[in-house]
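A short worksheet on the structure shown next.
The values are calculated or read from the model by the stated rules, or taken from the named source; none is laboratory data. Computed from a predicted model, the values in this text were never measured in an experiment. Backbone-built Cβ (ideal geometry, glycine too); neighbour counts: all protein chains shown. Only protein heavy atoms, including side chains, enter the accessible area calculation; ligands, DNA and RNA are left aside. Shrake-Rupley method; radii C 1.70, N 1.55, O 1.52, S 1.80 Å.
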Amino acid sequence: MTMTVARVMWGTVLTTVPGAVLRHCPRTARNTAADAVVRVLGARHLVQGLATAAGVMPPAWAALPDALHAATMAGLAVYSPRWRTAASVDFAVAGAFTVGGLCATRAAVR
């Protein structure tokens, strides 16, 4: 449940104040398109968190989109100097959600 609360809180931050998040990513240009991308990512976290909280999506399933997202952010960080910092931060967050989801699943199985 802690991961779900963290995900909903993170999604809320991304959706409501994308500029504040981008300001903490050096060398990442803040513009309307960047704000929109951050808001879309925040909306994904909100939907995923609410689906997990409602029991529609088991925590084990939540780890899959997080792992895929982490992989795409790793690729973006490698190939795009412009977005490297933001993608690296997002990679770390997505990786943490992946690990947290898998740990929550293991704990629930026991």
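If one puts a single equal scatterer on every Cα of the range 67-110 and applies the Debye formula without solvent, what log₁₀ I(q)/I(0) results at q = 0.17, 0.20 Å⁻¹?
-0.48, -0.58
Let me check I've understood the local charge: for residue 13, count other residues with C-beta under 14 angstrom from its C-beta, Lys and Arg +1, Asp and Glu -1. What total comes out?
Spelling it out: positives minus negatives among the neighbours equals +2.
Rounded to the nearest percent, how much of the accessible area of the chain (1.4 Å probe, protein heavy atoms only) is carbon and sulfur?
Percent of accessible area from carbon and sulfur atoms in the chain: 75.
Return one whole number: the accessible area per residue of the chain in Å², for a 1.4 Å probe.
59 Å²
Once phi is turned into θ = phi - 60°, what whole-Hz ³J(HN,Hα) does the Karplus curve with 6.51, -1.76 and 1.60 give for every residue of the range 84-89, x standing for Gly and Pro?
Those phi angles translate into 4, 5, 4, 5, 5, 5 Hz.
Charges on Cβ only, +1 for Lys and Arg, -1 for Asp and Glu, centred on the Cα centroid of the chain; of 99, 25, 70, which one is farthest towards the dipole's positive end?
The Cα lying farthest towards the positive end belongs to 25.
Could you work out the local net charge near residue 62, counting Lys and Arg as +1, Asp and Glu as -1, over the other residues with Cβ closer than 12 Å to its Cβ?
+1
What whole-number value in cubic angstrom gives the convex hull volume per residue for the C-alpha atoms of the range 31-88?
70 Å³
Ordered by packing density, taken as the mean number of other Cβ atoms within 10 Å over each peptide's residues, highest first, how do 86-97, 68-79 rank?
Highest to lowest by the protection proxy: 86-97, 68-79.
Please report, to one decimal in angstroms, the Kirkwood hydrodynamic radius of the chain built from all distinct Cα-Cα pairs.
Evaluated over the chain, this radius sits at 14.2 Å.
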